[in-house]
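Only one structure is covered here, and it is reproduced in the block below.
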Amino acid sequence: MKRVVITGAGVISPLGSGVRSLMEGIASGTSAVRYMEEWAGYCGMNSHVAAPAEMKDEKKIPRQCRRSMGRMSIFAAQAAEQALADSGIIISEVQPDRMGCIIGSTTGSAVSISKAFEIMLFQKDLSLLPSSMFFQCMSHSAAMNVAQYLGLTGYVMATSAACASSLQAVGTGYEIIASGRQDILLCGGADELHPSVTGSFDVVFATSVKYNQTPNKTPRPFDKDRDGLVCGEGSGILVLEEYEHALRRNAKIYAEITGYNTCGSGSHISQSEDKSIVQCISGTLKNAQISYEEIDYINAHATGTVQGDKEEAAAIKHIFGNTAPVSSLKGHIGHTLGASGAIELIAALHMMEKGVIYPTFNLDEIAPDCEGINHLMEPVEKEINTILKNCFAFGGINAALVCRKMK
Amino acid sequence: MNEQEIIDITNKVFEESFEIEKDRLKPEAHIFTDLGLDSLDIVDLVAALQKSFGVNIRNEEKVRNIRTLQDIYDFISTIKREGH
């Protein structure tokens, strides 16, 4: 098996464009959540908060590449460009069939899908559909748009597993490079805000509804007053590279990916379950050939839902007890859905680099049903060598990944 | 509708739908080689012209012969004159 390292990262997040904006926002305890005035017209929508990302500089992407991109694909293309620049890789210098991308999302562009159905259902005139509309709506829209924009000709794949999409992308990229089939893969995910997206959680009572007038107070992962998740948007892309390939070009290495696992719960489509989370994390640690004591930091999935946070806390408690520090970044940036795994992994890697762990924003009082694990309430400076990233998704999908600092 | 109006409306389509600067919109400009449109763009061009001029040209055989902006001006002019 080949070794797989991370040599670049790019982010478009609710805290701004670039990894620096993301980390500055997290370090300063900034919330990107705001009241969504424009959603007031939706009958039956109880949650009116979200964490939008700013769309800017999109016209730097040539029109003929941009026309097939919905909002999330533009985020993905910009994050991929950042990641590529960060890695120092020049695509023309790479063997063309050995470099590709794996980028996941919940669906294609939610905004574009909505527009397409407005035409199909109300105007009933197919001649009004722009030629590129379908390309914005496809499930692999972000992956294929990034590949077309950058001219990638190796593997091009999309992992569509809702909120676990981007961590599955990174995990799948790790397995493909480890198997020797590719040298470099841009891996991550993208998703975008739309009333239908928040609505999908709202109808099953998973959104935050009590903080519409105080948006910075929600979501509240692991907190006693948590009342649901807040949707965000953006994209996170990491450059995964075969270790020897990275060494040959003297690349900066953020970390080595040493373990990955994904599994289904087989029990419920919307409620996560501690038993299957334990199975997923245990499998990841086994794959990484490490014991639970070696994990220095757990970047939790914890979205602030009443049910999900409880199950994740129980699973972490079962494996780690009160040892490894745990925090969630959803309080700062909301739940960036299919992008969350990659965006939060990038943030965790930067915490590892700086030797500081940032606490869970809005965690003021630990909920009794989330006790027994090492919650961080304040920033902690410590040597971090090994991190665990969790992601769980609708459909009973779990994913977890272990990264280790290169010595 | 006079010829100048046809030119202005057509050029506006190219500016708004295809982000092409005004000074590149010369009558002799080839829509593929000079203005950079491709086969997918032609689908959107036809839709935009239909909407802008209130005509139905999707199944017109003559659309296939269009190469330059002047060809479009002439084509629209003919269509309008024939009362499509």
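So that you can scan it fast, the table gives a plain yes or no per residue for (1) of a type in the set (A, V, I, L, M); (2) surrounded by fewer than 13 Cβ atoms within 10 Å (Cβ to Cβ); (3) touching a Leu at 6+ places or on another chain (Cβ under 8 Å); (4) not in a loop (DSSP other than H, G, I, E, B):
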site	(1), (2), (3), (4)
B:Asp23	no, yes, no, yes
B:Thr33	no, yes, no, no
B:Leu40	yes, no, no, yes
B:Asp44	no, no, no, yes
B:Ala48	yes, no, no, yes
B:Ile57	yes, no, yes, no
B:Lys62	no, yes, no, yes
B:Thr78	no, yes, no, yes
Report task. Go over the candidates A:Ile257, A:Ile237 one by one and state the one that is in contact (Cβ under 8 Å) with a residue 12 or more places away in the chain and more than 25 Å from A:Gly16 (Cβ to Cβ). Result -> A:Ile257
Query raised in the report: So which residues in the stretch A:46-60 are of a type in the set (Gly, Ala, Ser) and in a strand (DSSP E or B), if there are any at all?
Result: A:Ala50, A:Ala51
Requested in this report: Just name the residue that is surrounded by the most Cβ atoms within 10 Å (Cβ to Cβ) out of those in the stretch A:148-163 that are assigned to a helix (DSSP H, G or I) and more than 19 Å from the chain's Cα centre (by Cα).
Outcome: A:Tyr149
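Looking at A:Glu242, A:Glu294 in this structure, which one is touching a residue at least 40 places away in the same chain (Cβ under 8 Å), touching a Lys or Arg at 6+ places or on another chain (Cβ under 7 Å) and more than 21 Å from A:Ile397 (Cα to Cα)?
Working: A:Glu294 fails: touching a Lys or Arg at 6+ places or on another chain (Cβ under 7 Å).
Unique residue meeting the criteria: A:Glu242.
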Report task. Answer yes or no: is there a residue in the stretch A:198-210 that is within 21 Å of A:Leu22 (Cβ to Cβ), buried (at least 23 other Cβ atoms within 10 Å of the Cβ), modelled with pLDDT of 95 or more and assigned by TED's automatic domain parsing to the domain that holds A:Pro96. Result -> no
Query raised in the report: Only one of (1) closer than 12 Å to A:Met99 by Cβ; (2) within 20 Å of the chain's Cα centre (by Cα) is not met by A:Ser166, so which one is it?
Result: (1)
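If the requirement is being within 14 Å of chain B (Cβ to nearest Cβ), among the basic types (Lys, Arg) and either surrounded by 21 or more Cβ atoms within 10 Å (Cβ to Cβ) or over 27 Å from A:Gly395 (Cα atoms) (or both), which of these qualifies: A:Arg3, A:Arg98, A:Arg67?
Details: A:Arg3 fails: within 14 Å of chain B (Cβ to nearest Cβ); A:Arg98 fails: within 14 Å of chain B (Cβ to nearest Cβ).
Criteria check complete, one pass: A:Arg67.
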Requested in this report: Within the stretch A:319-346, track down each residue that is surrounded by fewer than 24 Cβ atoms within 10 Å (Cβ to Cβ) and either in contact with a Lys or Arg (Cβ under 9 Å, 6 or more places away or on another chain) or not in a helix (DSSP H, G or I) (or both).
Outcome: A:Gly321, A:Asn322, A:Thr323, A:Ala324, A:Pro325
Query - Residue in the stretch A:184-192 that is in contact with a helix residue (DSSP H, G or I) (Cβ under 8 Å, 6 or more places away or on another chain), among the hydrophobic types (A, V, I, L, M, F, W, C), free of Cβ contacts under 8 Å to residues at least 40 places away in the same chain and away from chain B (no Cβ under 14 Å) present - result: no
Report task. Look at A:Cys43 and say whether it is at pLDDT below 95 and either farther than 20 Å from A:Ile343 by Cα or assigned to a loop (DSSP other than H, G, I, E, B) (or both). Result -> yes
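Taking B:Ile6, is it out of contact with any Lys or Arg (no Cβ under 7 Å at 6 or more places or on another chain) and either within 12 Å of chain A (Cβ to nearest Cβ) or under 19 Å from A:Pro62 (Cα atoms) (or both)?
Values: out of contact with any Lys or Arg (no Cβ under 7 Å at 6 or more places or on another chain): yes; either within 12 Å of chain A (Cβ to nearest Cβ) or under 19 Å from A:Pro62 (Cα atoms) (or both): no.
Taking the combined requirement at face value, the residue does not satisfy it.
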Requested in this report: Can you confirm whether the stretch A:22-40 contains a residue that is at positive phi, surrounded by fewer than 18 Cβ atoms within 10 Å (Cβ to Cβ) and of a type outside the set (D, E, K, R)?
Outcome: yes
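Among the residues of the stretch A:23-44, write down those that are aliphatic (A, V, I, L, M) and in contact with a helix residue (DSSP H, G or I) (Cβ under 6 Å, 6 or more places away or on another chain).
Step one: list which residues in the stretch A:23-44 are aliphatic (A, V, I, L, M), which gives A:23, A:26-27, A:32-33, A:36, A:40.
Result: A:Met23, A:Ile26, A:Ala32, A:Val33.
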Query - B:Ile31 within 12 Å of the chain's Cα centre (by Cα), in contact (Cβ under 8 Å) with a residue 24 or more places away in the chain, under 29 Å from A:Glu58 (Cα atoms) and more than 11 Å from chain A (Cβ to nearest Cβ) - result: yes
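In this structure, does A:Gly171 turn out to be in a helix (DSSP H, G or I) and in contact (Cβ under 8 Å) with a residue 24 or more places away in the chain?
On the way: in a helix (DSSP H, G or I): yes; in contact (Cβ under 8 Å) with a residue 24 or more places away in the chain: yes.
Here the answer is yes, as A:Gly171 does meet what is asked.
Within 14 Å of another protein chain (Cβ to nearest Cβ) and either assigned to a helix (DSSP H, G or I) or modelled with pLDDT of 95 or more (or both): does that describe A:Met23? Break it down stepwise before answering.
Working: within 14 Å of another protein chain (Cβ to nearest Cβ): no; either assigned to a helix (DSSP H, G or I) or modelled with pLDDT of 95 or more (or both): yes.
No.
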Report summary line: Looking across the stretch A:117-142 at residues that are within 14 Å of A:Ile74 (Cβ to Cβ) and of a type outside the set (Ser, Thr, Tyr), the single one that is nearest to the other protein chains (Cβ to nearest Cβ) is A:Phe135
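The values are calculated or read from the model by the stated rules, or taken from the named source; none is laboratory data. Not measured: the values here are computed from a predicted model. All Cβ positions, even for glycine, are placed from backbone atoms using ideal geometry, and neighbour counts span all protein chains on display.
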